[in-house]
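Below: one structure, written as structure tokens.
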Amino acid sequence: MSARRLAAEQPASFAFRAEAMPEVERQLAKFPPDRRASAVIPLLWLVQKQEGWVSEPAIRAIADMLGMAKIRVLEVATFYTMFHLEPRGRHHLQVCGTTPCALRGAEALKDVCLRRIGKKFVVRGDGAFSWEEVECLGGCVNAPVVAIDDYYHEDLSPDDLEALIDKLAGGETITPGSARGRQTSAPEGGAETLTDSALYDGSLERPVKLPNRPENA
């Protein structure tokens with residue numbers, strides 16, 4: 001694993017916004033006082049949801065809140081790649097580049113990102129987008145997959161990704177899931193067997209009579 005370091009430029013301070021505090025308190029309440037350090041991952045996640053990334057002042061603030069050594073919080077933040085250690089765009093794209101996605105067109109999706117957003121990890125000039133390549137998002141059956149913000153977009157063609165970027169740039173809401181309309185990981189085009197609805201409405205269900213069990217069994 002490559003070294004993950006904090007950004008060279010850091011804000012002067014960090015504080016949770018007032019609207020985030022109920023969720024902060026809810027997370028803290030899950031653990032007894034002598035186990036508050038167990039809340040470090042959810043609190044780091046709340047930092048990222050608020051700021052878009054995890055800064056050094058945020059790490060210090062969480063350490064103070066949980067009574068942890070700052071190095072322990074830093075270790076968690078730098079270990080888990082879900083935590084961004086540098087600023088990201090308002091919409092961050094994670095393009096899966098593992099073999100199933102690569103075989104299904106991920107390279108063309110990366111070309112779209114390079115042309116529409118720019119280099120990896122660099123926030124586009126208007127602050128709207130950033131992107132990176134990741135290794136396996138776990139949606140191999142529906143490859144290629146791009147995670148946008150918190151949701152997966154699957155079975156993408158370059159045109160599909162272009163359309164998603166256009167909608168986000170225009171302030172529209174995008175719908176996660178398969179661009180081909182498949183249901184979860186079902187075959188493209190829908191089911192071709194076991195299509196009789198009576199199989200699923202319970203009408204064929206019958207009580208099962210089990211034979212008497214021998215006394216000495």
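We did not get these values from a lab; they are worked out from the coordinates using the rules stated. Computed from a predicted model, the values in this text were never measured in an experiment. Backbone-built Cβ (ideal geometry, glycine too); neighbour counts: all protein chains shown.
Given N residues in region 18-79, what is Rg(Cα) / (2.2 N^0.38 Å)? Computed over Cα atoms of region 18-79, the ratio equals 1.02. Using only Cα atoms, find the angle between the long axis of helix 56-66 and the longest principal axis of the chain, and express it within 0 to 90 degrees, rounded to the nearest 10. Long axis of 56-66 versus the principal axis of the chain: about 70 degrees. With a cut-off of 20 Å on the backbone N, the residues of region 1-28 near the modelled label site 7 Å out from F121 along Cα-Cβ are 1-11. If you average the C-alpha positions of region 172-188 and of region 25-88 separately, how far apart do those two centres end up, in angstrom? For region 172-188 versus region 25-88, the Cα centre distance is 33 Å. With the cut-off at under 20 Å, measuring from each backbone N in region 130-146 to a point 7 Å along the Cα-to-Cβ line of L103 picks out 134-146.
Axis angle, to the nearest 10 degrees, between helix 106-116 and the longest C-alpha principal axis of the chain: 40 degrees. Across the cross-link table entries K49/K70; K49/K167; K70/K110; K30/K120, which are compared at the Cα atoms, the separations over 27 Å belong to K70/K110; K30/K120.
Put in order of Cβ neighbour count within 10 Å, fewest first, the listed residues I71, I148 become I71, I148. Between the helical axis of 70-79 and the longest alpha-carbon principal axis of the chain there is an angle of about 50 degrees. When the alpha carbon gyration tensor of the chain is reduced to an equivalent ellipsoid, its three semi-axes come out at 40, 30, 16 angstrom, largest first.
Per-residue Karplus couplings for region 162-172, computed as 6.51 cos²θ - 1.76 cosθ + 1.60 with θ equal to phi - 60°, are listed in order as 4, 5, 5, 5, 4, 5, 5, 5, x, x, 7 Hz, Gly and Pro entered as x. Placing +1 on the Cβ of every Lys and Arg and -1 on the Cβ of every Asp and Glu, with no other charges, gives region 1-141 a dipole of roughly 100 debye about its Cα centre.
GNM on the chain, alpha-carbon springs under 10 angstrom: the most fluctuating residue among D159, D201, D111 is D201. Full extension of the chain between M82 and L199 yields a length gain of 37.9 nm, computed as 0.36 nm times the residue separation minus the alpha carbon distance. Cysteine residues of the chain whose Cβ has no partner cysteine Cβ closer than 4.7 Å: C113, C136, C140. Evaluated on region 91-178, the Kirkwood hydrodynamic radius is 12.6 Å, with distances taken between all distinct Cα atoms. Note on I41 and A128: with the Förster distance fixed at 25 Å, the Cβ-Cβ geometry gives a FRET efficiency of about 0.35.
Between R72 and L28, what is the FRET efficiency for a Förster distance of 22 Å, r being their Cβ-Cβ separation, to the nearest 0.05? Efficiency for this residue pair is about 0.85.
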